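The values are calculated or read from the model by the stated rules, or taken from the named source; none is laboratory data. The shown structure was predicted, so the numbers you read here are calculated from the model rather than taken from an experiment. Positions of Cβ are generated from backbone atoms using ideal geometry, with glycine treated the same way; all protein chains shown enter the neighbour counts. All accessible areas refer to the heavy atoms of the entire protein, side chains included, with ligands and DNA or RNA removed. Shrake-Rupley method; radii C 1.70, N 1.55, O 1.52, S 1.80 Å.
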Amino acid sequence: MNPILIKPSSDTGSQIVLLGRVWGQVTASDYHQRRVEDLFPAVLESYRTLAARHDLMLLEGAGSPAEINLRKHDIVNMRMAHAANAACLLVGDIDRGGVFAALLGTIELLEPEDRARIRGFVINKFRGDAELLRPGVEMMEQRLGIPCAGVVPFLRDLGLEEEDSVAMDDRRSAKRVWQYAENATEKMGPPDRPLRVGVIAVPHMANFTDFDALAMEPSVSLAFLEDPAQASLADVLILPGSKQTLDDLLWIQERGFARSLATYSGLLIGICGGFQMLGLSLEDPSGVESAGVPRTMPGLGQLPVRTIMRDKKTVRPAAGRALLWGGFSFSGYEIHMGETLYENGAEPFAEILRECEPQPILDGAVALSGRVWGTYIHGLFDDDAFRHRFLHCARQTCGLTPARSHMWVTAERNARIDRWAGHLRQSLDMNLIHELTNKSWASSI
């Protein structure tokens, strides 16, 4: 959803997607030293379009504003703050340690014109006695010459999705979650046991929050799989979305998952890039995902479809009705490259209606057995009604009893956001924040 989307393809190179279209492949050096200046006008235009429609704009920086080696061409921190005439709050994470040094060091490394925009600081995720912290806060106010806008206590069991895939480092592994199921014969278990859902942990996983709602269900035990030997323990296997579909398909083949999937007898699902991988082939004639080098790869052969990568990115909300298991409705969104073509006799997974389009179209595909299906729709498991119906059908297919209870994730999520907002409201100096916004500044956190 960013005006400039950076999709890493290696440690030193990335694909640039500008306003939903592939702009090119660049090295990190070329991007920072030259290309940023070509692209920044599109960022400003996007900002102005949004600002014209809203009373308050919140900007979130990326990384640190004090990356002095990148400052000259950094567009996501202080340059954007200047362009938006924004008042800034500097937030330090005390849970990581060294928060006072981080705050002071950041301010000291900023240029004078950048420093003038920092109107206060916040200490986040504090654990312990606030009175013991107070002398340090007062010293920082004196050293920095700006007020503390609040100390936010660590909020346990917040239960909101993580910001990015860095959090995947602490994901649920099969070894941790399925310790009691050491071999396929133990997979049966009692009929009221949790449904075991395995998500194949491809290296370039995208939209990893697609599975948060499933993991919250009491009748589900979800794990991320890196070892193909664990695949047979799962009742349901999911191939997730990917930022580099062809590279992740190659990883699946080299890792041995392709062999495991060929003999897998449970439910097999592909989401977006995972759906593309389940087809007969993937073609990238323009080198959209492969640094300008055309590539064609055989798919996993589970669905009668073929995908051709295109330079235009499809990004839009969609709602639809699944055509299997008696049909049931869902909503979500598309965000993908590529066009998928049906072979003769292919059956679609759903009929969907994209936002702002008058006619419905077909989406995804289903194998004749009904045990393999794929879709381009992200977020369908966030839809409470769809998820509950899916779990009922999946448990029935796997010979398990119906779930005793369900989570209503949408309502739960709204309650968690309200809890978080109330927590911040009590912890922050809201008078200071209102003062900043009332001075015709855009407020940037």
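What the table below lists for this structure:
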item	result
Karplus 3J(HN,Hα) series, Hz, for the stretch 432-437 with 6.51 cos²θ - 1.76 cosθ + 1.60 (x for Gly, Pro)	5, 5, 5, 4, 5, 6
Fraction of antiparallel bridges per DSSP, the chain only, in percent to nearest 5	55
With every protein chain in place, the chain: carbon and sulfur % of accessible area (1.4 Å)	52
Selection from Val152, Thr209, Trp251 lying farthest towards where the dipole of the chain points positive, charges on Cβ	Thr209
Where chymotrypsin sites (Phe, Trp or Tyr not before Pro) fall in DSSP loop in the stretch 290-389, at most 16 other Cβ within 10 Å	Trp325
Computed accessible area, Asp192, all protein chains, 1.4 angstrom probe, square angstrom	80
Residue among Ser331, Ser14, Ser369 with the largest mean-square fluctuation in a Gaussian network model of the chain, springs linking Cα atoms under 10 Å	Ser369
Amide hydrogen neighbours beyond the local backbone of Leu225, cut-off 5 Å, H modeled	Val199, Ile200, Ala201
Loop-resident sites, the stretch 78-168, for trypsin sites (Lys or Arg not before Pro), counting at most 10 other Cβ within 10 Å (DSSP)	Arg127, Arg156
The chain - convex hull of alpha carbons, volume per residue in Å³	166
Per residue value of the accessible surface for the stretch 207-319 (all protein chains in place, 1.4 Å probe), Å²	33
Unit charges on C-beta of K, R, D, E only; dipole of the chain, Debye	360
